[in-house]
């Protein structure tokens, strides 16, 4: 993916004479071309989100999208009478996407010009190009990860969750309990590595060393007897959060060294990082080993330092650290673990004792 | 003790911290009440606490002072603030 043409992460559709044939208000009945329907479904499978910016009556247009079986593929429909550039801008903001990763498709040159004028970074396409989008490089991510295929569902669940959180009157912790959060920790499978690599790239705030492990480096460690690569995923009653964390551990008879611990920004407010550290502490206590953790200060990861310190890690010296050689500028924090109670806010299902046996709930 | 801002009474410190916690958690906290009993302090909340204490009372919390026990109760935080503001041994 070059600097000039990043992959499109969200395509914003016009409806009349673009997504469907005809004008809803005038024709009363509109149909979707099979070729366009195929584009919608295939983009969805590739993990490209699809939104709508249309001048129509919202309820009427949405009802038609539902009848056509396309409503479920849409996030953030903006159906109303405001300028489309405003709709596109709000969609980008809500998704927290750069405008450079948004695209807009409309049959009317004036609408495309209006969007292009106010949002020059957004790529605009005429409606007649709709059926050919799948062949364009900017709509063809080089790798389609496990999470890409369910990305739209994850965002939809996220919007529902945010809405509930805004409405919730009680304490945050009670809200978390009401979510029915479940965290699964397991040995990374081959097909998850791409997603894990992506996480280490994207989570600069929650990466304890700022080091990025490449796809190849992580893959080679999957079969290394001295290392464990663990993937963390979460779900709740709104749906899956997908893969939200990665842990890379080097094991010696006396200690486990956390070489990489990164969690997605999406789950920071659920206390995912703190729960992971507690689980590791408990697992190490049961295994009778000490814990060590690489930490290198960056200008963005103080949150990780606080997380380690609050979990009890210190800079104290210990003989168990002798066999580890962290890179220049990286400290090895240390903890003598004791058994921990499971968290009150989520259910944790993890390998027993560590990636070896079957997954069991942490009790 | 040259800086006049060090003359901040414990009650005032605890009142500021209490107000922050009430806004954040929608609960009121007694000075000795443990904030972390549930075991689910999010890293975000821990970070917010640290940043709040540092920016409100103009102190830097570093190294061994960044311990959960120093933030476990309103009282623990006010003791930390008082110690750091008086230039006491933070090591």
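Readers should treat all values here as calculations from the given coordinates under stated rules, not as data from a laboratory. Nothing here was measured: the structure is a model prediction, and the numbers come from that model. Reconstructed Cβ throughout: ideal geometry from the backbone, glycine too, with neighbour counts over all protein chains shown.
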Distance from segment A:302-363 to segment A:211-272 (C-alpha centre basis), Å
12
In 5 Å bins starting at 0, how do the alpha-carbon pair distances of segment A:232-303 split up by percent?
3, 14, 23, 23, 17, 12, 6, 1, 0
Within segment A:311-329, find all residues whose amide N lies under 14 Å from a label point positioned 7 Å from the Cα of residue A:224 along Cα-to-beta-carbon.
A:324-327
Can I get the semi-axes of segment A:175-361's equivalent ellipsoid? Compute them from the C-alpha gyration tensor as square roots of 5 times the eigenvalues, in angstrom, largest first.
23, 18, 17
Enter the per residue convex hull volume of segment A:217-259, computed from alpha-carbon coordinates, in Å³ rounded to the nearest integer.
84
Go ahead and set up a Gaussian network model of chain A, Cα springs under 10 Å, then flag whichever of A:77, A:240, A:253 fluctuates most.
A:253
How many Cβ atoms of partner chains, on average, are near each residue of A:164-177 if near means within 10 Å of its Cβ?
2
Using Cα-Cα distances under 8 Å and only pairs 6 or more residues apart, what relative contact order does segment A:10-139 have, in percent?
28
Springs between alpha-carbon pairs under 10 angstrom, Gaussian network model over chain A: which of A:63, A:130, A:307 fluctuates most?
A:63
Extending each Cα 7 Å along its Cβ direction at residue A:338 and residue A:136, get the distance between those two points in nm, one decimal.
6.1
Any chance you could check the Cα centroid distance between segment A:6-82 and segment A:138-167 for me, in angstrom?
18
Give me the three principal axis extents of chain A from the C-alpha atoms, as integers in angstrom, largest value leading.
78, 45, 35
Would you mind listing how long segment B:7-85 runs along its three principal axes, going by Cα atoms, in whole Å with the largest first?
33, 26, 19
Residue among A:38, A:84, A:187 with the largest mean-square fluctuation in a Gaussian network model of chain A, springs linking Cα atoms under 10 Å
A:38
If I model a spin label as a point 7 Å beyond the Cα along the Cα-Cβ vector, how far apart are those points for residue A:330 and residue B:58 in nm?
3.9
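May I ask you to derive the relative contact order of chain A, considering only C-alpha pairs under 8 Å and at least 6 residues apart, and to give it as an integer percent?
14
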For segment A:10-139: rounded, prolate or oblate by the Cα gyration tensor [a/c cutoff 1.5]:
rounded
Note: B:44-56 gets an average of partner chain Cβ contacts (10 Å, Cβ to Cβ) equal to 4
Label-point separation, residue A:25 to residue A:167 (7 Å along Cα→Cβ), nm
3.2
If one compares the long axis through the Cα atoms of helix A:272-287 with the longest principal axis of the Cα atoms of chain A, the angle in degrees, nearest 10, works out at 30
